[in-house]
Amino acid sequence: STSQTFGGNGQSHANNNTAIDRVYLPSDLGNNTSVVVGRPPFIVDKNGMLVDSTNYMTLYTFDKDTANKSNCTGDCLAAWPALTAPNNAKSVGQFSTFQRDDGTYQWAANNMPLYFFVKDTKAGDANGDNVKGVWHIVPTQ
């Protein structure tokens, strides 16, 4: 699987029009990087969008998903790997986990499943934003 599994507790996330609280990290983590207050420790704000803190890869939501339900499977999931979670991950605030139809667990923000995009190859890429009008970055401002 191309999915990455992350653990931890979480809270705040921005929906398309909702700002989130941020705490700025030491400068050694790079410019314009901040931690989302109460979020899982692997999700940060980089240049106004949610990214993973390991590789700073952009996170996306899919308009065809519903609350805590992924409708991205098969070829879709191959192109848009899920941000998977361990089955014992703690859901707090606006970050939560849910069980996918395949039995794995996935992180969600405001109940919307989170994904990576395979065509994002380096930190800060957002090549998946607005693909087919249904894939979107998760803005934090």
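Things worth noting here:
- Gyration tensor (alpha-carbon) shape descriptor, region 42-133, a/c threshold 1.5: oblate
- Amide H within-cut-off set for residue 140, under 5 Å, with H built and near neighbours excluded: 49, 50
- Net charge contributed by nearby residues that have their C-beta within less than 11 Å of residue 98 (K/R +1, D/E -1): 0
- Pairwise FRET efficiency - residue 132 versus residue 54, Cβ, R0 = 30 Å, nearest 0.05: 0.65
- Calculated FRET efficiency for the pair residue 67/residue 123, C-beta based, R₀ 25 Å, to 0.05: 0.25
- Computed about its Cα centre, the charge dipole of region 49-141 is approximately 120 debye, with only Lys, Arg, Asp and Glu carrying charge at their Cβ.
- Cβ-defined net charge surrounding residue 87, 15 Å radius [Lys, Arg +1; Asp, Glu -1]: 0
- Phi-derived couplings, Karplus 6.51 cos²θ - 1.76 cosθ + 1.60 at θ = phi - 60°, listed residue by residue for region 76-91: 4, 5, 5, 8, 10, x, 6, 7, 7, 10, x, 5, 10, 5, 8, 8 Hz, with x used for Gly and Pro.
- The length gained on full extension between residue 98 and residue 75, counted as 0.36 nm times the residue separation minus their Cα-Cα distance, comes to 6.2 nm.
Throughout, read-outs are computed from the coordinates displayed, never taken from laboratory work. Everything numeric in this text was worked out from a predicted model, so none of it was measured. Because the Cβ atoms are built from the backbone with ideal geometry, glycine has one as well, and the counts that use them run over all protein chains shown.
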